[in-house]
Amino acid sequence: MGEEISLIDFWASPFGMRVRIALAEKDVEYQFIEENMMSTVKSSLLLEMNPIHKKIPVLIHRGRPICESLVIVQYIDEVWNHKSPLLPQDPLQRAHARFWADFIDKKVYACVSDLWKNKGETLQAARKEFLETFNVIEGAIGENPYLGGETFGFADLSLIPFSSFFHASEMFGNFSIKVELPKIAAWAKRCNERESVSKILQDPIKVYEILCLARKLQGIE
Amino acid sequence: MEEVKLFGAWPSPFSYRVIWALKLKGIPYEYVEEDLSNKSALLLQYNPVHKKIPVLVHGGKPIAESLVILQYIDETWPQNPLLPKDAFERSKARFWAKFAEDKGSTIWAIFRTGGEEQEKAMKESLEMLKTIEEHALGGKKFFGGDTTGLADLTFGGIALWLGVIEDIVGVKLVEPHTFPRLCAWIENFKEIPVIKQNLPDREKLFVYLKHRREILLASP
């Protein structure tokens, strides 16, 4: 078909991982363009493709950019609709999936960041916020195998990349996810049995190491 | 058709996004006004996670978060679609709806603050408005093209609430010579019959928000 598909991304980005998992679910091949996030200067390609936010991930399909990870995932789901639907058919279930993806966007990234970016008292506050936020998700999973219900979908995909940050969160926050959030721990393990997820998720030790480096560079440690 | 109920609050632009969508599609609904200082048990039951309006209840099933609600409405009642058919055009509409959602709070920050904090909020709001002016509309009448769409409804707060905040705070962020496209959009948007007939009374909104600001600035 001669489709030209590229993804400007950064290996450790949970937002980038969402897109990579979606592309893997659909068996779509693409060119991965690594953006150097350690540099203070953004690449000219990124600035051209995402002039408004200047952020990764950016999917480039047929020469046109699509930005914002969940917008990209929905685009992928609509264009490559031959297999592995990421959103369900039923409008109410779709609303449920979008609601949780929105919650994850609004709350999860912030509380994961707050844990590695702080120490002392502010770290304690961040720890509390992390556990409170994830407890809401713990409740939402309930007795279901997935956050989307019976099958892996949009809401699960939105959250699962953050599981690469669980080990780092445990180390900085001094808690165990298995103990504090057993359903989430079980859910993460279950999602990892999916080939697209296990192929894309980053090694939690590598993620912890890069966050430790970031903490040093920012003078937190 | 199953019963449709909307829990909203008259001063809220988020509430109006949903009203506009329902009216544009001709969907009958029952409106329930919520007192935000005294939220009903029913609202808290329907939206336990955020405890906020708007909440749409369709056949007894609640949907929360205005952008989620708008897409639900569009998918359940496909007449007068809010999103285009083409996947790439849809991604652009969703991108701008998200932009409006994420960045719109800077205008409310101007309303809620004073001094240095307010200066910062004004600077950020101007940047946001400039981005919309330069990138979002292009040569189009509406964000959605010839007709309004998801992004227009999400930017709807700019059509009335921004002007009221400007009056209360005593600033003018958006003027025809600096924001010609945005000003044209505001006029065109407010001329759409559904929008024109479904906006809060400007004077009532001014009095309400002015009072709210006084309370906010007086509290520690």
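Just so you know, in region A:68-87 the residues that are more than 7 Å from chain B (Cβ to nearest Cβ) and open to solvent by 40 Å² or more (accessible area, probe 1.4 Å) include one that is nearest to A:ILE141 (Cα to Cα), and it is A:PRO85.
Okay, residues lined up against (1) surrounded by fewer than 21 Cβ atoms within 10 Å (Cβ to Cβ); (2) modelled with pLDDT under 95; (3) under 15 Å from A:VAL19 (Cα atoms):
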| position | (1), (2), (3) |
| --- | --- |
| A:LEU157 | no, no, yes |
| A:PHE166 | no, no, no |
| A:SER176 | yes, no, no |
| A:LYS189 | yes, no, no |
| A:GLU193 | yes, no, no |
| A:ILE200 | no, no, yes |
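So which residues in region B:137-158 are surrounded by 21 or more Cβ atoms within 10 Å (Cβ to Cβ) and of a type in the set (A, V, I, L, M)? Those that are surrounded by 21 or more Cβ atoms within 10 Å (Cβ to Cβ) and of a type in the set (A, V, I, L, M): B:LEU150, B:ALA151, B:LEU153, B:ILE158. Taken together, B:GLU3, B:GLU30, B:GLU65 contain a single residue that is within 14 Å of chain A (Cβ to nearest Cβ), open to solvent by 10 Å² or more (accessible area, probe 1.4 Å) and free of Cβ contacts under 8 Å to residues at least 60 places away in the same chain, which is B:GLU65. Put simply, of B:VAL174, B:VAL169 the only residue that is more than 30 Å from A:ALA155 (Cβ to Cβ), open to solvent by 20 Å² or more (accessible area, probe 1.4 Å) and among the β-branched types (Val, Ile, Thr) is B:VAL169. Kindly indicate whether any position in region B:173-183 is out of contact with any Asp or Glu (no Cβ under 6 Å at 6 or more places or on another chain) and of a type in the set (Phe, Trp, Tyr). Checking region B:173-183: not a single residue is out of contact with any Asp or Glu (no Cβ under 6 Å at 6 or more places or on another chain) and of a type in the set (Phe, Trp, Tyr).
Of these, A:ALA97, A:ALA126, which one is in contact with a Leu (Cβ under 9 Å, 6 or more places away or on another chain) and within 12 Å of chain B (Cβ to nearest Cβ)? Going through A:ALA97, A:ALA126 in turn, just one is in contact with a Leu (Cβ under 9 Å, 6 or more places away or on another chain) and within 12 Å of chain B (Cβ to nearest Cβ): A:ALA97.
Within region A:63-84, the set of residues being under 21 Å from the mean Cα position of the chain (by Cα) and without any contact (Cβ under 8 Å) to a residue 12 or more places away in the chain comprises A:ILE66, A:VAL71, A:GLU78. Considered as a group, the residues in region A:131-145 that are of a type in the set (D, E, K, R) and surrounded by fewer than 17 Cβ atoms within 10 Å (Cβ to Cβ) include one that is farthest from A:PRO204 (Cα to Cα), and that residue is A:GLU143. Put simply, of A:SER176, A:SER164, A:SER198 the only residue that is more than 14 Å from chain B (Cβ to nearest Cβ), touching a residue at least 60 places away in the same chain (Cβ under 8 Å) and hydroxyl-bearing (Ser, Thr, Tyr) is A:SER164.
On the given criteria, is A:GLY148 in contact with a Pro (Cβ under 8 Å, 6 or more places away or on another chain), surrounded by 17 or more Cβ atoms within 10 Å (Cβ to Cβ) and modelled with pLDDT under 95? So A:GLY148 passes the test.
Table: residues versus (1) open to solvent by 60 Å² or more (accessible area, probe 1.4 Å); (2) among the aliphatic types (A, V, I, L, M); (3) closer than 26 Å to B:GLU75 by Cα; (4) part of a strand (DSSP E or B).
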| residue | (1), (2), (3), (4) |
| --- | --- |
| A:PHE32 | yes, no, no, yes |
| A:ILE52 | no, yes, no, no |
| A:LYS55 | yes, no, no, no |
| A:LEU59 | no, yes, yes, yes |
| A:ILE66 | no, yes, yes, yes |
| A:TRP100 | no, no, yes, no |
| A:LYS106 | yes, no, yes, no |
| A:CYS111 | no, no, no, no |
| A:GLU129 | yes, no, no, no |
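Taking region B:68-85 as the range and being at the interface with chain A (Cβ under 7 Å from one of its Cβ atoms) and more than 18 Å from the chain's Cα centre (by Cα) as the test, the residues that pass are B:GLU75, B:THR76.
Table: residues versus (1) of a type in the set (S, T, N, Q); (2) over 13 Å from B:ALA87 (Cα atoms).
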{"residue": "A:MET37", "(1), (2)": "no, yes"}
{"residue": "A:VAL58", "(1), (2)": "no, yes"}
{"residue": "A:PRO65", "(1), (2)": "no, no"}
{"residue": "A:GLU68", "(1), (2)": "no, yes"}
{"residue": "A:ILE76", "(1), (2)": "no, no"}
{"residue": "A:GLN89", "(1), (2)": "yes, yes"}
{"residue": "A:LEU92", "(1), (2)": "no, yes"}
{"residue": "A:HIS96", "(1), (2)": "no, yes"}
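The values are calculated or read from the model by the stated rules, or taken from the named source; none is laboratory data. Predicted model, so just to flag it, every value in this text is computed and none were measured. Positions of Cβ are backbone-derived with ideal geometry, glycine not excepted, and every protein chain shown enters the neighbour counts. We work out accessible area using only protein heavy atoms, side chains counted, and drop any ligands, DNA or RNA first. Shrake-Rupley method; radii C 1.70, N 1.55, O 1.52, S 1.80 Å.
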